[in-house]
Amino acid sequence: MKVPNRSHADHEVYHALHEAPDTQLITRAARDEFDRVHADVALAPLVVVIAAYDEGDNIGAVLDEIADEIGGVAVTTLVIDDGSTDATTEVARRHGALVCTLSANRGHGVALRLGYRIAREGGARYIATLDGDGQWDPADLPDMVGILEDGAADFVIGSRQLGRTENTDWYRNLGVRFFARLISTLTHTKLTDTSSGLRAMRADLTGVVRQTQPQYQTSELLIGAIFNGYVVAEVPTTMRQRLSGESKKGGNLFYGFRYARVITKTWWRERRRPIPARPPVVVVLPEPAEPEPSEPAAGLA
C-alpha cells in the first residue's frame with residue numbers, strides 16, 4: 001500500500017472509533033522518517049508530547065512557554081503533526097521542537113501513542129502532554145513533575161474542576177463533570193477531570209496500559225492505568241481559551257456520545273483485571289496558603 005504524500009493529506013479530521021486500515025503503515029513511515037532525521041538526537045528525561053492538527057497559528061506560542069527544564073528535569077519537546085494541511089510542522093521546528101509528521105490525519109489517540117512510543121523507546125523517564133491550541137499552561141507542570149519525582153503518584157492530571165476554566169460552554173463544562181463522575185463510579189476512584197489534556201506520567205506506564213482508540217485516548221489511558229494499579233494524582237489547573245481557531249472535537253452531542261462509548265468500552269474490557277485491593281490514591285496539591293497580614297510598622301498604626 002502506498003503511503004499518501006503529505007501534500008495530498010486528508011482535509012478532514014479522522015473521527016472514527018476504529019483505526020483506518022492504513023494507520024500502521026502511515027505511523028511506521030512517519031517514525032522511520034523521524035528516526036532518519038533525528039538519528040543522533042538524545043531525548044531528555046522528560047518529553048513533552050503535543051499531538052497537533054492544523055495548529056500552525058498556535059503551536060509556536062505553546063512551545064515558547066515550555067521551559068528547557070521543568071521541576072529540575074531536562075525537557076525535550078516532541079510534536080506529532082497528525083496530518084496537518086497548514087504549516088504546523090514547519091512552525092514547530094522553528095520553535096525548537098522535534099517533529100514527527102504523519103502524512104494523513106489518523107486521530108489524536110494515534111498521534112499521542114506514536115509520541116509515547118518515541119519518548120519511551122528514546123529513554124524518557126517521564127512523559128507530559130499538552131494541546132497545541134494553548135488551552136493548558138505549562139507553568140502547571142513543575143508541581144506535576146515533582147509528584148512523579150517524589151514517587152507519590154505514577155500519573156498526574158491537571159484538573160480544571162479543582163482550579164478553574166475560561167471555557168464558557170455550559171454543555172461542555174457539564175460534560176466534564178458528568179464523565180468524571182462516571183469514571184469515578186466505574187473505577188471506584190474519586191476523580192474530578194478525566195478529559196484534561198494536561199498530564200504527566202511515568203513513561204513506562206504508556207507501554208503497559210493497553211491503548212487502541214484513535215480518538216478520546218485520555219479516558220482509555222486513565223481507566224487502564226487505574227485497573228493496572230497505577231497511582232493517580234490530580235492538581236488544580238486553569239484551562240484557558242484557545243489562542244485562535246476552532247476545536248476539532250466536533251459538536252457537543254457528537255463528542256459526548258462517542259466519548260461515553262469509549263469509556264464504557266474501555267471499562268468493559270479492563271474490568272476483568274480486578275482493581276488492586278489497595279486502590280490508587282488520588283493526591284491533590286493543597287492550594288497555596290494566603291500570606292499572613294503583616295503587622296503595621298511603628299508609628300503608622
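The values are calculated or read from the model by the stated rules, or taken from the named source; none is laboratory data. Fair warning: this is a prediction, and the values are worked out from it, not measured in the lab. Every residue, glycine among them, receives a Cβ derived from its backbone with ideal geometry; neighbour counts consider all protein chains shown.
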Do any helices (runs of 4 or more DSSP H) lying entirely in segment 56-156 carry at least 1 residues that are in contact with a helix residue (DSSP H, G or I) (Cβ under 6 Å, 6 or more places away or on another chain) and on the phi < 0 side of the Ramachandran plot, and which ones are they?
59-64, 88-94, 108-121
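Condition test on residue 160, is it of a type outside the set (A, V, I, L, M) and either outside any helix (DSSP H, G or I) or in contact with a helix residue (DSSP H, G or I) (Cβ under 6 Å, 6 or more places away or on another chain) (or both)? Walk me through how you get there before you give the answer.
On the way: of a type outside the set (A, V, I, L, M): yes; either outside any helix (DSSP H, G or I) or in contact with a helix residue (DSSP H, G or I) (Cβ under 6 Å, 6 or more places away or on another chain) (or both): yes.
In short, yes.
Residues are listed down the side, and each one gets a yes or a no for (1) surrounded by fewer than 20 Cβ atoms within 10 Å (Cβ to Cβ); (2) modelled with pLDDT of 75 or more; (3) among the acidic types (Asp, Glu); (4) more than 18 Å from the chain's Cα centre (by Cα):
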{"residue": "236", "(1), (2), (3), (4)": "no, yes, no, no"}
{"residue": "244", "(1), (2), (3), (4)": "yes, yes, no, yes"}
{"residue": "252", "(1), (2), (3), (4)": "yes, no, no, yes"}
{"residue": "261", "(1), (2), (3), (4)": "yes, yes, no, yes"}
{"residue": "269", "(1), (2), (3), (4)": "yes, yes, no, yes"}
{"residue": "276", "(1), (2), (3), (4)": "yes, no, no, yes"}
{"residue": "293", "(1), (2), (3), (4)": "yes, no, no, yes"}
For segment 1-32, name all the residues that are part of a loop (DSSP other than H, G, I, E, B), among the charged types (D, E, K, R) and at pLDDT below 85.
2, 10, 12
Residue pairs qualifying under the 8 Å Cβ cut-off, at least six apart or on distinct chains, with the first in segment 155-178 being free of Cβ contacts under 8 Å to residues at least 12 places away in the same chain and the second being of a type in the set (Val, Ile, Thr) and not in a helix (DSSP H, G or I), are 173/165
Mind checking which pairs have a first residue in segment 117-135 that is under 22 Å from residue 55 (Cα atoms) and a second that is among the aromatic types (Phe, Trp, Tyr), Cβ under 7 Å, 6 or more apart or different chains?
118/34; 127/116; 130/136
Among the residues of segment 130-167, the number that are in contact with a Gly (Cβ under 6 Å, 6 or more places away or on another chain) and under 20 Å from residue 109 (Cβ atoms) is 2
Given (1) within 27 Å of residue 22 (Cα to Cα); (2) modelled with pLDDT of 95 or more; (3) surrounded by 21 or more Cβ atoms within 10 Å (Cβ to Cβ); (4) not hydrophobic (A, V, I, L, M, F, W, C), where does residue 132 come up short, assuming only one miss?
(2)
Identify the single condition in (1) of a type outside the set (Ser, Thr, Tyr); (2) surrounded by 15 or more Cβ atoms within 10 Å (Cβ to Cβ); (3) part of a strand (DSSP E or B) that residue 186 does not satisfy, given that it satisfies every other one.
(3)
Among the residues of segment 83-96, count how many are surrounded by 22 or more Cβ atoms within 10 Å (Cβ to Cβ) and touching a residue at least 40 places away in the same chain (Cβ under 8 Å).
4
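Limited to segment 170-181, what total is found for residues that are within 16 Å of residue 221 (Cβ to Cβ) and out of contact with any strand residue (DSSP E or B) (no Cβ under 9 Å at 6 or more places or on another chain)? Explain how you work it out, then say what you get.
So the first thing to find is which residues in segment 170-181 are within 16 Å of residue 221 (Cβ to Cβ), and the list is 179-180.
Restricting the remaining residues to those that are out of contact with any strand residue (DSSP E or B) (no Cβ under 9 Å at 6 or more places or on another chain) gives 179.
Count: 1.
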Filter segment 199-226 down to the residues that are part of a loop (DSSP other than H, G, I, E, B), on the phi < 0 side of the Ramachandran plot, touching a helix residue (DSSP H, G or I) at 6+ places or on another chain (Cβ under 6 Å) and not charged (D, E, K, R) and list them by number.
203, 209, 211, 213, 214, 215
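Let's see how each residue does on (1) buried (at least 18 other Cβ atoms within 10 Å of the Cβ); (2) over 22 Å from residue 242 (Cβ atoms):
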site: 61; (1), (2): no, no
site: 71; (1), (2): yes, yes
site: 98; (1), (2): yes, yes
site: 109; (1), (2): yes, no
site: 137; (1), (2): no, no
site: 145; (1), (2): yes, yes
site: 155; (1), (2): yes, yes
Regarding segment 49-62, can at least one residue be identified that is at pLDDT 95 or above, of a type outside the set (Ser, Thr, Tyr) and either closer than 16 Å to residue 144 by Cα or touching a Pro at 6+ places or on another chain (Cβ under 9 Å) (or both)?
yes
